Amino acid sequence: MLMLFAAPCLIAAGGGTRALLRAAGSIYAPLGKLETAMTEQFPAADRLRKLEVSLSYMGGQKEQNGVFISGDSLTLDVQPKSLSVINDNTLAMIDFADEHQIPSYVMLIPTACAVQQSKVPYDKVAPLYNQRQLIDDVYRRVSGRVTAIDVYPTLFNHQDEYIYYNTDNTITGLGGYYIYSAAAKNLLRSNPRGLDQYEVEHLDYNYYGDLYALSPYREVSADRVSVYSYVSRFQRDYIVTHYDASGIRRYYTLYPRFRAELGDSMAVVLGGMSPVIDISIIGNTTNSKRLLLFGDRSVQGYVPFLLAHYERVTVVDTTQAAPEQLGRINLRDYSQVLFAWSVDHYVTADQLSLLDSLDAARGS
């Protein structure tokens, strides 16, 4: 309603009705599109949107646009799209493991609303989706074919630490370390490196992520973006190659810091996300394992730690990869396969139908 009141004022102040309609596309555009157009055309619209969210929160709306607002943090309200989506994703993992006979692992990462439940006003809004039960059910179904990596207890034990962003629906670098430490026993069959073996660098103290874009509550604290670098006795170099629709780009560092100057500090971590990211580790290392990882953007949190144990890691972001982008992947090049998603992606969208495009002959 606030946008309806504000629109005439903004039109009078900056460009008229035509500018607004050109940006929105049509007078019949959905209200959300009109709001987006107004934000882009009129700087004051962004301030009004923040005011609208704050007033709604003061009026008792603790959940807005699918986001829980709790004091100084935002968390996504995770709800499954359908049972068939969960079933299809689970069966796809089982079929892959049966067909290709490569040691395969699954790691479902609970979101902030499951681990930090004290921050969620669910008793006044809606019942939370039981992510713990979902994870247990999936792990039970894949048992004997795919090895489960349970990170829930570790994250829960560290829930009071800065393991999730306040304004972004993903884990922090510290949360990534705890995920790595929980995965070490099954995936690496070794003890994790101590956190003191990594140098930490803080890139940004004023980061606002995707949850803030959905519900820009003004009282939420900005996030700190940090990166972790393994301190080795030997020189270690990295070649990080991104494959996307625009072609190939390559970095010779895990953290191309210049990308922060382009306006997104999260794009520094692994050089941002792409449909396929191939990371080679060059240096005096006895590690010969190679990992193929099907996952989502949560890899930015824990992959930098896993790299201390591999000579190559290839990440397929199943939330954006197209089947034709898997053409470069030869399953024979890998000694392990890891399926790893944040629970919200696993229960709301197909993640693995693109596996059908892999050449079965190459993997058998």
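The values are calculated or read from the model by the stated rules, or taken from the named source; none is laboratory data. In this text the structure is predicted, and so the values were computed from the model without any measurement. Positions of Cβ are generated from backbone atoms using ideal geometry, with glycine treated the same way; all protein chains shown enter the neighbour counts.
Summed over segment 144-181, residues that are over 18 Å from the mean Cα position of the chain (by Cα) and in a helix (DSSP H, G or I) total 5. Suppose we keep only residues that are modelled with pLDDT of 95 or more and of a type outside the set (A, V, I, L, M, F, W, C) within segment 266-285. Which one would you say is surrounded by the most Cβ atoms within 10 Å (Cβ to Cβ)? Among those residues, the one meeting the criterion is Ser274. Do we have any residue at all in segment 211-220 that's in the same structural domain as Asn89 (by TED's automatic domain parsing), without any contact (Cβ under 8 Å) to a residue 40 or more places away in the chain and closer than 29 Å to Ile69 by Cα? Within segment 211-220, one or more residues are in the same structural domain as Asn89 (by TED's automatic domain parsing), without any contact (Cβ under 8 Å) to a residue 40 or more places away in the chain and closer than 29 Å to Ile69 by Cα. Just one residue in the set Ile179, Ile135, Ile171 is within 27 Å of Ser288 (Cα to Cα) and in contact (Cβ under 8 Å) with a residue 60 or more places away in the chain; that residue is Ile179.
Looking across Ala267, Ala321, one residue alone is among the small types (Gly, Ala, Ser) and part of a helix (DSSP H, G or I). It is Ala267. Whenever a residue of segment 334-350 is under 12 Å from Leu134 (Cβ atoms) and outside the structural domain of Ala92 (by TED's automatic domain parsing), it has no partner that is modelled with pLDDT under 95 and hydrophobic (A, V, I, L, M, F, W, C) lying with C-beta atoms less than 6 angstrom away and at least six residues away or across chains.
Select from segment 250-265 the residues that are of a type in the set (A, V, I, L, M) and crowded, with 19+ Cβ neighbours inside 10 Å and list them in ascending order. The answer is Leu254, and nothing else.
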